[in-house]
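Please treat every number below as a calculation from the coordinates, not as lab data. Everything quoted here is computed from the prediction, not taken from an experiment. Glycine gets a Cβ as well: all are built from the backbone with ideal geometry, and neighbour counts include every protein chain shown.
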Amino acid sequence: MELINSSLFHQPTDVHFTSSPLLKRYSCSSGFLTTVMSAASRRDLERQEFENLNKLLPISEAVSATLDKVSIVRIAAAYLALHEFLSDLDMKRDQPLDLTKPYLKDLPSYILQTLDGFVLLVDLSGRIIYASETASVHLGVSQADIMGCSLFPFVHVDDARELQRLLLDCQSYYDLTKSGVEIRMALIGLGTTLVQGGGCLETKLSSTMFMFRATKDLKIVFIDARVTEITGYNPANVLDHTLYQFVHPDDSTQLLHTHKTVNEWDRSLKMLFKRLR
């Protein structure tokens, strides 16, 4: 028994848990797992909230099923702006709408024309806060893709400045009158698809109409043979002359205005002029 060293029973033993590699790995793994689970939980909650928001959007299920998170937020913001705009409107009228007023006389025709087209509602900054589903037929872009976006990227660069001016005019007019009579200003614009090749040649002409082609300075380079029956002019005597030479002087100012409008805006206009005898 004396061979046993008694100091073995009294030697203190220090245990350092943090110095164990196994415990360190376990501690790190546990913290990483907690972080991963928390992130997954947040993603699940986020996805659920986006799904709930998507269900509230007043669009078809077929369209809403294709939306990503950015599109959901963009469209939701657009509808909030639309709701704010409509809530500010006073829909009560003591008297019926007087369509004989200059700024309202063309409203019925505008509404009828839009039935075959599409409707865009924009704010003063040009942001689209509403687009009808028929926009995709004419623009090739779906309703969901343009809601909440700026209108300017969809407008030709030559028309962007004019659109900006019109929106600024609406804002400035409201600023001048908001302290007095309450006036709600709105910009109503009509867009038409560009005529594709051959479209003009397919236009039906009545018995009292003839066709001619002219350069930008209205120099006639081709004229329908029916011009003789209708006006008495020989086609050979009309070619290589400008239209101004055959229009009554009283109509020259109107013709000049129409000529400038066509050149500046690349659009067609229908005007009536008196011809020279």
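Structure data summary
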| quantity | calculated |
| --- | --- |
| Mean Cβ count within 10 Å, highest first, over the residues of peptides 63-76, 244-257 | 63-76, 244-257 |
| Placed amide H near residue 223: partners under 5 Å, 5+ positions off or other chain | 213 |
| Highest-first arrangement of 154-165, 40-51, where packing means the average Cβ count within 10 Å | 154-165, 40-51 |
| Residue order, fewest to most beta carbons within 10 Å, for 35, 261 | 35, 261 |
